[in-house]
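What follows is a short report on a single structure.
Here, each number is a calculation from the coordinates, and none is a lab measurement. Since this is a predicted model, take the numbers as computed values, not measurements. As a convention, Cβ positions derive from the backbone with ideal geometry for all residues, glycine included, and neighbour counts pool all protein chains shown.
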Amino acid sequence: MSGSARRVIVFFAAVIVVGCSRGGAPGTVSERDESEPSEYRTAPAWELPDVDGNLIEFAEFAGQITIIDFWATWCAPCRKEIPELVEVYGKYRDRGVSIVGISLDQPGNPAIREFLDEFGVNYPVVIGNAEVMEAFGEVDGVPTTYVIDRNGRVIAKHLGYTNKATFEREIDTLLGLNGD
């Protein structure tokens, strides 16, 4: 079995195990409002550990434009997209824009820290689980990226690699910088 096939099997096995072990432990999310369409529905609240084990809550980003990026270290499109997200965050972080990476690698995997160092990730990264994937809905692959407005509404969802220009255009629209 190839290394990439093994990683895919381990990833999905981890998702199944995590999905079966719900409880009040860190990594909880609120229920998703199924009555709202995928665009303009309220993003779910969540609380997840970062790579150092510190809890980060979605509420910490209230009032900001927030990009939530589900990714994994073994994902080739993520390796292309994340450097562009690093640039986007560098450009917009002083304008009330946040980015949060949600790693779908196994918790404690040393490859996560190595990846963050290699790519100079300058925004918070938390360790995701099946519950947060379910709360966002339709996280069928990585990268899956959500753009959330200052009111906490999901205004865009991108499945697969998305270029920097797309994120900049969406942020500029939300900031009122492109005349829309």
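Key figures
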item: Residues of the range 88-120 with amide N under 13 Å of a point placed 7 Å along Cα→Cβ from residue 150; result: 95-98
item: Peptides 164-177, 49-62, 126-139, 80-93 ordered by average Cβ neighbours within 10 Å, highest first; result: 126-139, 80-93, 164-177, 49-62
item: Efficiency of FRET between residue 172 and residue 140 - r from beta-carbon atoms, R0 35 angstrom, step 0.05; result: 0.80
item: Backbone N within the range 54-89 under 17 Å of label point (7 Å from residue 45 Cα along the Cβ vector); result: 55-64
